[in-house]
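See structure below.
The values are calculated or read from the model by the stated rules, or taken from the named source; none is laboratory data. Model, not experiment: these values are computed from the prediction. Here the Cβ is made from the backbone with ideal geometry for all residues, glycine too, and neighbour counts use every protein chain on show. The area values use the complete protein model at the heavy-atom level, side chains included, leaving out ligands, DNA and RNA. Shrake-Rupley method; radii C 1.70, N 1.55, O 1.52, S 1.80 Å.
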Amino acid sequence: VEVERFGADLDLMWDTYKIDYPAIAPRNSTFLNWRFAENPDLKYRLISARRNGACVGYTVLRLSEELELRSGIIVDLFAPRGDDTVISALIYFAERMFGQHLAFLECESSDQTVLSCLRDAGFRITTTARPVAICKDAGLRRHMASHRNDWYFTKADHDWDQIHLANTR
């Protein structure tokens, strides 16, 4: 279901499943509402995945601005680790919502289950990015290095989600 803001049900889901990811930025309702619902520049659509009335995941979607190449963007997507049913349903929802009138639909993720579900949905890898963390604390640096394959990143975690002007030449 589409929601205007995320609430306590999302926080309950987040508190339950955040421990599955040893390296992840907060995704509670306070952060998500600040980042997306209250964003003054970009218009986001917030989608809550529900099972038996409970929140089991979410996605944040954005249709490109008029100055951009006509595209849909899955800005953020989160579900319990390995829950390909919820992840696939969120991807399918995005495809249905955006329809067939786009040049492309894009999504970035570091999570292997999300990447597998994207491949199953017909997405293909067009580029690869390597996250970098710089910190002074040696213990934290070792912790981050030991979990380098467990980092959870999407466009929500950095400035990837910016307006990219279409090439008009």
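Quick one: which residue in 103, 79, 89 is open to solvent by 20 Å² or more (accessible area, probe 1.4 Å) and either in contact (Cβ under 8 Å) with a residue 60 or more places away in the chain or out of contact with any Ser or Thr (no Cβ under 7 Å at 6 or more places or on another chain) (or both)? Don't jump to the end; show me each part of the working.
Numbers: 103 fails: either in contact (Cβ under 8 Å) with a residue 60 or more places away in the chain or out of contact with any Ser or Thr (no Cβ under 7 Å at 6 or more places or on another chain) (or both); 79 fails: open to solvent by 20 Å² or more (accessible area, probe 1.4 Å).
Exactly one residue qualifies, and that residue is 89.
So, residue 110, is that one closer than 26 Å to residue 46 by Cβ, open to solvent by 40 Å² or more (accessible area, probe 1.4 Å) and free of Cβ contacts under 8 Å to residues at least 60 places away in the same chain or not? Spell out how you get there, then give the answer.
Numbers: closer than 26 Å to residue 46 by Cβ: yes; open to solvent by 40 Å² or more (accessible area, probe 1.4 Å): no; free of Cβ contacts under 8 Å to residues at least 60 places away in the same chain: yes.
Here the answer is no, as residue 110 does not meet what is asked.
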May I ask you to verify whether residue 15 is more than 14 Å from the chain's Cα centre (by Cα), open to solvent by less than 70 Å² (accessible area, probe 1.4 Å) and farther than 23 Å from residue 97 by Cα? no
Scan the range 21-53 for residues that are over 18 Å from residue 93 (Cβ atoms) and of a type in the set (Ser, Thr, Tyr) and jot them down. 21, 29, 30
Checked pairs for the range 21-36, first under 17 Å from residue 75 (Cβ atoms), second open to solvent by 50 Å² or more (accessible area, probe 1.4 Å), C-beta under 7 Å and 6 or more apart or across chains, list as 24/18; 33/5
Out of the residues in the range 34-63 that are among the polar types (S, T, N, Q) and open to solvent by 10 Å² or more (accessible area, probe 1.4 Å), state the one that is farthest from the chain's Cα centre (by Cα). 52
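If you check residue 82 against the conditions, is it at positive phi, of a type outside the set (D, E, K, R) and touching a helix residue (DSSP H, G or I) at 6+ places or on another chain (Cβ under 9 Å)?
Values: at positive phi: yes; of a type outside the set (D, E, K, R): yes; touching a helix residue (DSSP H, G or I) at 6+ places or on another chain (Cβ under 9 Å): yes.
Answer is yes for this residue.
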Tell me which residues, restricted to the range 66-89, are over 20 Å from residue 21 (Cα atoms) and part of a helix (DSSP H, G or I). 89
Of the numbered conditions (1) closer than 28 Å to residue 150 by Cβ; (2) open to solvent by less than 10 Å² (accessible area, probe 1.4 Å), residue 71 fails exactly one; give the number of that condition. (1)
Please specify each residue of the range 90-127 satisfying the condition of being assigned to a loop (DSSP other than H, G, I, E, B) and polar (S, T, N, Q). 100, 110, 126, 127
How do the pairs read when you match residues in the range 132-148 that are in contact (Cβ under 8 Å) with a residue 12 or more places away in the chain with residues anywhere that are open to solvent by 100 Å² or more (accessible area, probe 1.4 Å) and among the hydroxyl-bearing types (Ser, Thr, Tyr), using Cβ under 6 Å and keeping only pairs 6 or more apart or on different chains? none
Scan the range 104-118 and give yes if some residue there is modelled with pLDDT under 90, within 30 Å of residue 29 (Cβ to Cβ), among the polar types (S, T, N, Q) and in contact with an Asp or Glu (Cβ under 8 Å, 6 or more places away or on another chain), otherwise no. no
Mind listing whichever residues of the range 128-169 are modelled with pLDDT of 70 or more, among the β-branched types (Val, Ile, Thr) and in a loop (DSSP other than H, G, I, E, B)? 128, 132, 134
Could you check how many residues of the range 1-48 are in contact with a Cys (Cβ under 7 Å, 6 or more places away or on another chain) and in a loop (DSSP other than H, G, I, E, B)? 0
